[in-house]
Structures are given as structure tokens and as C-alpha cells.
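J.: Take this structure, written in C-alpha cells, and hold onto it; I'll ask about it next.
The values are calculated or read from the model by the stated rules, or taken from the named source; none is laboratory data. On a predicted model such as this, the values are computed, not experimentally measured, just so you know. All Cβ positions, glycine included, derive from the backbone under ideal geometry; neighbour counts span all protein chains shown.
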Amino acid sequence: MAFARAIVGAYRARGMAPDTVLQLAQITPAQLAQAGGRITARQMEALSAAAMQELDDEGLGAFGRRLPWGSYGMLARASLGAPDLGVALMRWCRHHGLLTDDVRLSLTTSGASASITVEELRPLPADVRELCLAFVLRNIHGLACWYADSRIPLQAALFPFAAPAHADAYAHMFPAGTLAFGGSPHAALRFDAQYLKLPLRRDEKALTQMLRQRALSLTVLQYRRDRLLVPQVRQALAAHPDRTHSAEALARLLNVSARTLHRQLKEEGASLQQLKDEVRLERARDLLLRTGKPLKQVAAAVGFRNEKSFARAFKARVGATPGEFRSQG
């Protein structure tokens, strides 16, 4: 609850009432006042996201100037085209300095370990300092995991302030081999440097879909590895056309529910029908180039009801009719 009170403090500093966001997060005034009170991870994520939007400040009052709604999404987009995770994180740290000069983020390596450090260049407001440092580190760690679709384990999480009364909550946000308070001059995360070599597995479409649903709010729950379903669905459709005739059959093959299948594909900016069409048309291209089958047979082989609908879908995707594509071959 201490984190919720810090967000409420940002409202009071702006002369605004936090009633709406507290109601949204289902936090009552009595609960907010409880010294040892607790909220769920989902409540915290909902509260921080709503507050950032209403305050139009993704820094939640921690920095000398506001970080307008969408600032961290802009940083995420600027790093998206990096060749690997290491370059993406270096760009993120560098670009963060364009948003605020209150803190300086840096990525360094030492031996087999990599570190992300938050150096305070100016004193942060005492009532939001802890929230700010925790938020910045959770933000960049969560984004790194999302970029690479890999749960990146932490070797250490270090904080420059004394252990708070709610120090046990940090184990949920930063499960690390070493979790230490007060012994480091800066807030920092340390992890295996091998992760910096991972390729980015997200594209512009996936980022746009994520940011359409929410800003890069304070995430609490750890990233769930292997969440990307699009490549798994494509592979299953191509390898088992006889076992993926329906969403339910495909979901069973992937060991998820049909509801989860549709929801996660939507989160990744795709739909099952779109992926089915892509896989069918890729197979059609292969048949057109490798065989001399009549177009009607090719259409039937890849699941189209008739040659006309096949030709229309093929031209929309490839830019040429099946016959033209084969002759250009």
C-alpha cells in the first residue's frame, strides 16, 4: 500500500483528487490508510496506469518535468529496430536522458554479468523516490523480457535506500539471487550478459497493439516466458493441416484453451483467420512453383472452396494472380 500512497502523493502535489483511480483499482480510503496494508499486483498495475494517464505524467511526479502519457512507449518504439537486446537496452538508456535529466540510466558489462544502473543526478522527491527507482528498473526489465520473449532471471537487485517495512514485496517484483538495500550508491539490476545477445522477437505491429491497450505502466508480475503464439500457430497450421481445422482443435494441439488462443493472438496483433490465410497462401506459392497442378487443384489443396476466391485472396497478398505468379516463376 506504500506504493499506492506514493501515487496519491503525486496527485496532491498537483492539487488533484485521486478518487477516480482509487475506485478503479478498488482501493478504499480506509485501506489506503493502513500502514501495513497490501494490494494485489493487478491493483497496482491498474492504479499506476490510470494515474499516469490522468496526471499525464508517466514519471508520477518524480522528475523535475512531467513525462507525458506515451513517453515510455516512444522509447520502446525507438529501440525496436535494434539488432539484439543489448543494443536495444543501450538505446533505451540513452534516450531516457532526453526525457529527464534527473536520473541517468546506463548499461554496463563486467565479466559474465550485465548491469542496468539508475544514477540520481538530482535529489528525487522523498515521498516518491522509492516508487520511482523501483518503477524505472521494473519497466526496463519487463520491456527487455517482452522484447526477447524470454524471462530474464536476475542475479541481483540493489537499492540505495534502507530496507522499507514492506521489503518483502520486492521479492515479487525483483526475484534475484541477491536482493540488497542500503549497500549500493545506485539502484541497479544485474543479470547474465549472455541475454544481451538475444534477438528482438517483437515488431511494430506487436508494440502498437500493446500500447493501444495500455502505457508501459508499473508492472509487478514477472514476465511469462514463451508467450508468443504467432510462430507456434504458423508452425502447427503448416505441419498439421488435418489437425488444425478449428480453433478448438488447434488449441488442443498447443495445450491452451480456445479462448486463450484467440486472446493471446489478439494481444500479439494477429488473428487465427489471418494466420490460416497466410499459411495457406504460402503453401499455394510452393505448389505453384514446384508442381504443374491446375489452379483449381491448387486452390482445393490449400483449402479454398473455389478457384475464384483463391485467386482473389492470392492477389491481395502476393500482388499477382496465381497464373501470373506461376509464369513469372
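Every residue, every condition in (1) out of contact with any strand residue (DSSP E or B) (no Cβ under 8 Å at 6 or more places or on another chain); (2) of a type in the set (A, V, I, L, M, F, W, C); (3) surrounded by 19 or more Cβ atoms within 10 Å (Cβ to Cβ), yes or no:
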position	(1), (2), (3)
20	yes, no, no
50	yes, yes, yes
95	yes, no, no
107	no, yes, yes
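J.: Restricting the search to segment 293-326, which residues are under 22 Å from residue 241 (Cα atoms) and not in a helix (DSSP H, G or I)?
T.: 293, 294, 302, 303, 304, 305, 306
One line per residue, one yes/no per condition, for (1) touching a Gly at 6+ places or on another chain (Cβ under 6 Å); (2) under 29 Å from residue 191 (Cβ atoms); (3) outside any loop (DSSP other than H, G, I, E, B); (4) of a type in the set (A, V, I, L, M, F, W, C):
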position: 64; (1), (2), (3), (4): no, no, no, no
position: 68; (1), (2), (3), (4): no, no, no, no
position: 91; (1), (2), (3), (4): no, yes, yes, no
position: 96; (1), (2), (3), (4): no, yes, yes, no
position: 107; (1), (2), (3), (4): no, yes, yes, yes
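J.: Residue check: is residue 47 in a strand (DSSP E or B) and touching a residue at least 24 places away in the same chain (Cβ under 8 Å)?
T.: When the stated conditions are applied, residue 47 does not pass them.
J.: Next question. State the number of residues belonging to segment 297-319 that are hydrophobic (A, V, I, L, M, F, W, C) and either exposed (fewer than 13 other Cβ atoms within 10 Å of the Cβ) or in contact (Cβ under 8 Å) with a residue 60 or more places away in the chain (or both).
T.: 1
J.: Could you check how many residues of segment 1-40 are free of Cβ contacts under 8 Å to residues at least 12 places away in the same chain and either outside any loop (DSSP other than H, G, I, E, B) or under 14 Å from residue 51 (Cβ atoms) (or both)?
T.: 7
Yes/no per residue for (1) modelled with pLDDT under 85; (2) under 24 Å from residue 318 (Cβ atoms):
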| position | (1), (2) |
| --- | --- |
| 178 | no, no |
| 228 | yes, no |
| 244 | no, yes |
| 249 | no, no |
| 262 | no, no |
| 274 | no, yes |
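J.: Taking the stated definitions as given, is residue 130 acidic (Asp, Glu), under 18 Å from residue 4 (Cβ atoms), touching a residue at least 12 places away in the same chain (Cβ under 8 Å) and surrounded by 13 or more Cβ atoms within 10 Å (Cβ to Cβ)? Don't jump to the end; show me each part of the working.
T.: Details: acidic (Asp, Glu): yes; under 18 Å from residue 4 (Cβ atoms): yes; touching a residue at least 12 places away in the same chain (Cβ under 8 Å): yes; surrounded by 13 or more Cβ atoms within 10 Å (Cβ to Cβ): yes.
For residue 130, the condition - acidic (Asp, Glu), under 18 Å from residue 4 (Cβ atoms), touching a residue at least 12 places away in the same chain (Cβ under 8 Å) and surrounded by 13 or more Cβ atoms within 10 Å (Cβ to Cβ) - is met.
J.: Also, quick follow-up: Would segment 15-24 turn up any residue that is at pLDDT 95 or above and within 18 Å of residue 124 (Cα to Cα)?
T.: no
J.: Could you tell me whether residue 177 is surrounded by fewer than 15 Cβ atoms within 10 Å (Cβ to Cβ), assigned to a strand (DSSP E or B) and among the small types (Gly, Ala, Ser)?
T.: So residue 177 fits the description; yes.
J.: Can you find, within segment 250-291, the residue that is farthest from the chain's Cα centre (by Cα) among those that are touching a residue at least 40 places away in the same chain (Cβ under 8 Å) and assigned to a loop (DSSP other than H, G, I, E, B)?
T.: Across segment 250-291, the extreme among qualifying residues is 270.
J.: Among the residues of segment 109-123, which ones are out of contact with any Gly (no Cβ under 9 Å at 6 or more places or on another chain) and crowded, with 21+ Cβ neighbours inside 10 Å?
T.: 116, 118
J.: Suppose the filter is assigned to a helix (DSSP H, G or I), basic (Lys, Arg) and either over 17 Å from residue 173 (Cα atoms) or over 19 Å from the mean Cα position of the chain (by Cα) (or both); does residue 129 pass it?
T.: yes
J.: Here is a further query. Please indicate, with yes or no, whether at least one residue in segment 184-194 is buried (at least 19 other Cβ atoms within 10 Å of the Cβ), under 26 Å from residue 78 (Cβ atoms), touching a helix residue (DSSP H, G or I) at 6+ places or on another chain (Cβ under 7 Å) and modelled with pLDDT of 85 or more.
T.: yes
J.: Considering each of 322, 294 in turn, give the residue that is farther than 19 Å from residue 237 by Cβ, touching a residue at least 12 places away in the same chain (Cβ under 8 Å), not β-branched (Val, Ile, Thr) and not assigned by TED's automatic domain parsing to the domain that holds residue 247.
T.: On inspection, the qualifying residue turns out to be 322.
J.: Just one of the numbered conditions (1) in contact (Cβ under 8 Å) with a residue 12 or more places away in the chain; (2) under 21 Å from residue 146 (Cα atoms); (3) not small (Gly, Ala, Ser) is not true of residue 87; which one?
T.: Just one mismatch for residue 87, condition (1).
J.: Give the residue, chosen from 42, 38, 14, that is among the charged types (D, E, K, R) and over 21 Å from residue 220 (Cα atoms). Walk me through it before giving the result.
T.: Values: 42 fails: over 21 Å from residue 220 (Cα atoms); 38 fails: over 21 Å from residue 220 (Cα atoms).
Selected residue: 14, the only one of 42, 38, 14 that is among the charged types (D, E, K, R) and over 21 Å from residue 220 (Cα atoms).
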